[in-house]
Amino acid sequence: MQNHQVIIIGGGPGGYETAIRLNQYGIDCAVVEAQRVGGVCLNQGCIPTKALVKSAELWHEMQEATAFGLPTADLKLDYKNVVQRKDKVVDQLVGGIEFLFRKRNIPIYNHKATSINKEGNLWKVSLAEADAITAPYIIIATGSESRSLPGIKIDEVDVLSSTGMLQMEELPASLAVIGGGVIGCEFASIMNSFGVKVHIIEFLPRIVALEDEELSKRLGMALKKSGIKISTGVGLTSINKTEAGLELTLSNDSTLTVDKVLMSVGRSPVMNIDWQQGAPGMDRGAIVIDDFMHSSLDGVYAIGDVTNKLALAHTASKQGMIAAEHIHCRIQGTQCDIPALDYANIPRCTFTSLELASVGLSEADAKERFGEIIVGKFPFTASGKALAMGNANGLVKTIARADTQELVGMHILGPNAAELIAQGAILIAQGAKAEAAEAITFAHPTLSEAIKESIEDIRKLSIHKI
C-alpha cells in the first residue's frame, strides 16, 4: 500500500494545480483521476468551448468581410475541421500538464476512487482495480456533472449535455437550448454563428439571471439581434421524437420542433465515493468547507464544484492554493495566516457574442448592501479602438459606494470583456476609490480606456461620454 502526504481526488484545474503547488512546497502528493488530467474544464468544458468560440468568431467575421472593406469569398464550412482543431488544442494542453507531472514526479493514479476510510491517523483511499493508497490529508476535487429535468433523459444523441455538444461532428439545422445560463448562452452563440437556428428556453424572467440585470437584458437584446430566439418565463414540459424531429412541449402550451436539444439547466456536485465512517458535512449534495477549504472531517479538504461555493474553474484553482498553503502550515507546524477568499471578487465570464464579464456586486446587490450608490457608465460606441475593431456594442458599468466612492462592482458587455475584467478585480480587491483612475495612465487607443472613463463617470469626469 503506497503512502503519500496528500492525496487529491480529481485532476481538474483545482486538483492538478494544487498538486503542483504542494510539490513546490516539497510535499509528497498524488492525484487520483480516472480520466486524463484537466477534468471537465480542460477536456469537456472551458477550453474546448473557447476553441469553438474562436472558430465561430472568425467564421462570422469572414461573412462580414465587406464591413471591413474586404471582398467576400464563396466559402463552405466543414465543421469536422473545426472539431479537429478543438481537439488538437485540448490534446496539446493536456499533454503539457502530463509533462509537468512527469517532470515533477507527481504520481497519477488512473483509477476511480471508490471508498474512503480512516485507519489510525491516515485516510485510506480504495481504488477500482488497484491497491489502496493512504495519506494524512485528502483533498476532494471531484467536480460536477450536468443535470437534467424530471422525466427527461440526456442520451447524448438527441438530448445533449455540454459534453455531447462538444463531441458532435455535424451541425444540426436547429437547436433548442434549455436553460439560458452561461453554458446555454455560450453554445447558443457558437451554434448561431455557424448558421444553426437556435431557440433558448429559460424558465426565469431573463437569461444569465445571476448577472447585473441591465447587462443581462442588453445581452438578451444582442443575442436576439444576431438571430437567436429567446423565450423567458417558460419551462420545458416534455420532449417527443417525431418524424419531423424533436417536438418540445412548453409550459405556455406552445410547441417547438428542432433537430437537437441542449440541456443546460445547471450542474450537480459529483460525490460518488463511499465514506465508510461517515461523510463530511454536506449542503444540497455539496461538501461544506471553511475559509481554509477544510471540511468537518479532520484532514479532509474540498475544492471546486464539489463545494457549496461559486462553481468556476478559477474558483477551484484559487481554493486549491489556499488548501495547499494550509496543509503546508500544518505539516510545518506553523501558524497559518491566510486571508479569506472573497467569492464576490472572483471574475465571472460568459463567452457569448457580445462577451459578458463581471466582478464584485451587481447594482441591485450594491444598493441592498450599501444603500446609496453611484454608477458610472461608458459605451464602447465612444471607444476609438472598439470602432476600429468593428465591435463597438456594449458598455462598461462601474459601481461605487456613495459615501466613500469605493469601487464595489464592475460589469462589462462588449469586446474582450473577459480579459478586461481583471482590471476591475484588481481595483476592487485593493479597495480602490473612483479617484484611483486619475493616478493610472491607460494606453491609447485601447479598450481599457472604457474602464477608465466608466470610473471617471462616477465623478462626472468622463471626457468622451456623450
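A short reminder: the numbers here are calculations on the coordinates, not readings from a lab. Model, not experiment: these values are computed from the prediction. Here the Cβ positions follow ideal geometry from the backbone for every residue, glycine too, while neighbour counts run over all protein chains shown.
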**Complete:** Counting only Cβ distances under 4.7 Å between cysteines, those in the chain with no partner are Cys29, Cys185, Cys349
**Item:** Antiparallel bridge percentage (DSSP; both residues within the chain; nearest 5)
**Value:** 60
**Complete:** Row for the range 159-265, column shape: gyration tensor on C-alpha, a ≥ b ≥ c, rounded if a/c < 1.5 i.e. under 1.5, prolate if a/b over b/c, else oblate; value oblate
**Request:** Add +1 for every Lys or Arg and -1 for every Asp or Glu among the other residues with Cβ under 9 Å from the Cβ of Thr350, and state the total.
**Result:** -2
**Message:** Please compare each pair in Lys217/Lys452; Lys318/Lys465; Lys86/Lys197 to a cut-off of 27 Å on the Cα-Cα distance and tell me which ones are over it.
**Reply:** Lys318/Lys465
**Request:** For Gly394, enumerate residues with amide H under 5 Å from its amide H, sequence gap 5+ or separate chain, H modeled in the peptide plane.
**Result:** Phe380
**Fill in**
Contact order relative to length for the chain, counting C-alpha pairs under 8 Å separated by 6 or more residues, stands in percent at 14
**Prompt:** What shape does the range 328-413 have by the C-alpha gyration tensor, where a ≥ b ≥ c are the square roots of the eigenvalues, rounded means a/c under 1.5, and otherwise prolate means a/b greater than b/c and oblate the rest?
**Reply:** oblate
**Item:** Highest-first arrangement of 317-327, 414-424, 24-34, 166-176, where packing means the average Cβ count within 10 Å
**Value:** 317-327, 414-424, 24-34, 166-176
**Request:** Compute the FRET efficiency between Phe442 and Arg330 as 1/(1 + (r/R0)^6), taking r as their Cβ-Cβ distance and R0 = 45 Å, and round to the nearest 0.05.
**Result:** 0.55
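What list do you get for Cys185, Cys46 if you sort them by fewest beta carbons within 10 Å?
Listed from fewest to most nearby Cβ atoms, that is Cys46, Cys185.
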**Prompt:** Taking a ≥ b ≥ c as the square roots of the eigenvalues of the Cα gyration tensor of the range 354-458, is the shape rounded (a/c under 1.5), prolate (a/b larger than b/c) or oblate?
**Reply:** prolate
**Antiparallel DSSP beta bridges within the range 155-291, percent to nearest 5** = 45
**Request:** Go through Asn121, Ile139, Tyr109 and say which Cα lies farthest out towards the positive end of the charge dipole of the range 86-191; charges sit on Cβ, +1 for Lys and Arg, -1 for Asp and Glu.
**Result:** Asn121
**the range 247-270 versus the range 164-224: alpha-carbon centroid distance in Å** = 12
**Asked** What residue among Leu413, Thr398, Gly360 has its Cα farthest toward the positive end of the dipole of the range 354-458, where the charges are +1 on Lys, Arg and -1 on Asp, Glu, each on the Cβ?
**Response** Leu413
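Below 8 Å between Cα atoms, with a sequence gap of 6+, how large is the relative contact order for the range 203-302 in percent?
On the way: 99 pairs, mean separation 13.0, N = 100.
The value is 13 percent.
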**Request:** Can you put Tyr301, Tyr343, Tyr109, Tyr137 in order of Cβ neighbours within 10 angstrom, beginning with the fewest?
**Result:** Tyr343, Tyr109, Tyr137, Tyr301
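How about the range 95-175: which trypsin sites (Lys or Arg not before Pro) there lie in a loop by DSSP and see at most 11 other Cβ atoms within 10 Å?
Counting only loop positions with at most 11 other Cβ atoms within 10 Å, the trypsin sites (Lys or Arg not before Pro) in the range 95-175 are Lys153.
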**Request:** List the residues whose amide H sits under 5 Å from the amide H of Ile200, counting only those 5 or more places along or on another chain, with H placed 1.01 Å from N in the peptide plane.
**Result:** Val177, Lys229, Ile230, Ser231
**Prompt:** If you put +1 on each Lys and Arg Cβ and -1 on each Asp and Glu Cβ, how big is the dipole of the chain around its Cα centre, in Debye rounded to 20?
**Reply:** 420
**Prompt:** Where Lys and Arg each count +1 and Asp and Glu each count -1, what net charge lies around Ala132 among other residues with Cβ under 12 Å from its Cβ?
**Reply:** -2
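Phe99: net charge of surrounding residues, Cβ under 14 Å, Lys/Arg +1, Asp/Glu -1, itself excluded?
Charge balance in the 14 Å sphere: +2.
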**Item:** Qualifying GluC sites (Glu not before Pro) for the range 336-383 [loop in DSSP, other Cβ within 10 Å: at most 16]
**Value:** Glu372
**Request:** Report the one residue of Ser264, Gly281, Leu215 whose Cα lies farthest in the direction of the positive end of the charge dipole of the range 213-296 (charges on C-beta: Lys and Arg +1, Asp and Glu -1; origin at the Cα centre).
**Result:** Leu215
